[in-house]
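Please read through the structure below; I'll follow up with questions.
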Amino acid sequence: MQLNKGEYRYKLARRIFFAYQGEFTTGDYEEITNKASCLSLASNANLYWNTQKIEGIVEGLRKQE
């Protein structure tokens, strides 16, 4: 079974946002917006870091050939 990019993105966000089992516990719109923005930033930073690491690994393997 293969997951699409959207499903992987959702799984990553769930792992990053582990407090309260990934649920917003307040009804305050501004606080929810801030938390969602922070989650998006953390998720994007994680994806960028992973991309950079994978690129380095691929370049290292290409040099070995």
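The values are calculated or read from the model by the stated rules, or taken from the named source; none is laboratory data. Keep in mind that what you see is a predicted model, and the values were worked out from it rather than measured. We place every Cβ from the backbone using ideal geometry, glycine too, and count neighbours over all the protein chains shown.
Scan region 19-38 for residues that are modelled with pLDDT of 65 or more and among the aromatic types (F, W, Y) and jot them down.
F24, Y29
Right, something else. Listed residues L47, L12; which is in contact with a Ser or Thr (Cβ under 7 Å, 6 or more places away or on another chain) and either in a helix (DSSP H, G or I) or modelled with pLDDT of 85 or more (or both)?
L12
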